[in-house]
Each structure stands twice: as structure tokens, then as C-alpha cells.
Amino acid sequence: MENLIPSRMERGVAMPRAIRATLLLVLSQCAGCSHEEAANPNAVNLEPKSSAGYANQLEIKDARAGDERPDINAETRAVGQQSLEPPNSIYLATETRFIEHGGLSRVRADEVLESREQFFRALDEMSSDAAKSMEAQDQAAHYRSALTQAVGADGAVASFSCGLSMCMGTVQTRKEVDNEQWTLRFLEADSTRVFGHMSAMEQVGNLHESRFIFSTDPSLPGIVVPIND
């Protein structure tokens, strides 16, 4: 007859249920542990964790922290929403096309004066810019009044607009000589200051049209001419 080693239950030793549960918990936690770890379940495991497991923990931590991170693009968006308009200038945008080196550019003025189409395009742009500036509108009203008085009954001011430092417009007369006379009266008027006056004449139908550009600013006192002219 074979000798069998009786179990604890066969020996009559009953293990309390709480102890059995604790033992099972410890055994399950120490599955895969070393012999020393199993012998001492309270020992602290100082062995480094595998790189894969550590990386997974970092990914989980970063994912959880994502909702708490500050929006680094918020400041960028706020800056982008600020006005991008250029700072205030002493000239309107259209004026800058004709101004260089402290005066009116004869080359740029001639390009516009010699072409009726280009002149009226520039005039429309000047009027559009001036619509946003009360100072430009006040200056246009003042100089137009003086211009109308100088022209008198010999012709009519057909178009006129001013910026902050220059004006441009057209006068139509029945005779070419009339344009010369009103121009002289206007330049000599005491009520206005005119600098760097340039003009071009063209017959339009039965009328003689004078297109002109001039400076109203003493800081732009003359006409800038290329050295080789």
C-alpha cells in the first residue's frame, strides 16, 4: 500500500477564509517574482521597469495631461487678430507715388500728366484716400475755392482733389491762352501756398484741358528732376 501524505484538511487543520484570500492575493501578485520576492511580499522592488512599459506610462500620462496644457497658440491668434493697418503717415497712399527726396518727382508726375486715363485713375485714388481724412477734405475745399476764383469766367474747374501735402485736378477753358492766365493768377494768390507746380495741356473736344499737380507743403518745395536731364 502506497504512503500518501495527507492534506491539511485531512490532518484536521482548517485554514480561515480570510487567510486563504490573503494568501491567494499575495501569490497572484508574486506570479513571476523571484524566490526572494515571493518570500518577502512587503519588499520594495527597485528593479527598473522595462523601457516599453515605461514608455507606455509616459504616453498615458501625456494623454491625460493634454487637456490641462495651456493653449500655446492662443497668444498667436490674439496677435493675428490685431489691426494690421499701417501706422499713421504724413502722406496719403496716393501721394507717396509722387513724393521722393523731399519733393515731387517729375518723372512720376509726367507719367500721369501725359496720359488722361492714368491721370483720372490717380485722381480717383486720391479722392478715395481723402474721403477718410477730414484734413485732406478741408484742404481741398480751401484750394478749390482759390482755384475757382482764379479761373473765373474763362473756364471751369472740372475735377479736383487734395491729399495732406499735394493736390491734383483739371481745368477746362475755351481758349488755350486762358489756361495760362488762370494758372498765373492762381500761383500768385495770397490765400494759398503752391509749390512744385506741374501741368500738361490737351484739347478735349472744343475745350482746352489743363491737368495739374502741385505741392501744398513747404517741406516739399520743389520738383525732383533726374541728374541726367
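What follows draws every value from the coordinates through simple rules; no lab data is involved. Remember, predicted model here, so these are calculated numbers, not experimental data. All Cβ positions, even for glycine, are placed from backbone atoms using ideal geometry, and neighbour counts span all protein chains on display.
How far, in nm, would the chain grow between His101 and Ile227 when pulled straight, counting 0.36 nm per residue and subtracting the alpha carbon separation?
Result: 44.1 nm gained on full extension.
Say each of Ser145 and Val177 gets a label point 7 Å from the Cα, pointing the same way as Cα to Cβ; how far apart are those two points in nm?
According to this spin-label approximation, the distance is 3.2 nm.
Taking the Cα atoms of region 101-224, report the difference between the largest and smallest coordinate on each principal axis, in whole Å and largest first.
Largest first, region 101-224 extends 36, 30, 27 Å along its Cα principal axes.
Estimate the FRET efficiency between Asp124 and Asp190 by the formula 1/(1 + (r/R0)^6), using the beta-carbon distance for r and 25 Å for R0, to the nearest 0.05. Mind showing how you got there, number by number?
On the way: r = 31 Å, r/R0 = 1.25.
Here the calculated transfer efficiency is 0.20.
Say R0 is 25 Å: what FRET efficiency, to the nearest 0.05, do Met134 and Ala156 get from their beta-carbon distance?
On the way: r = 26 Å, r/R0 = 1.05.
Calculated transfer efficiency: 0.45.
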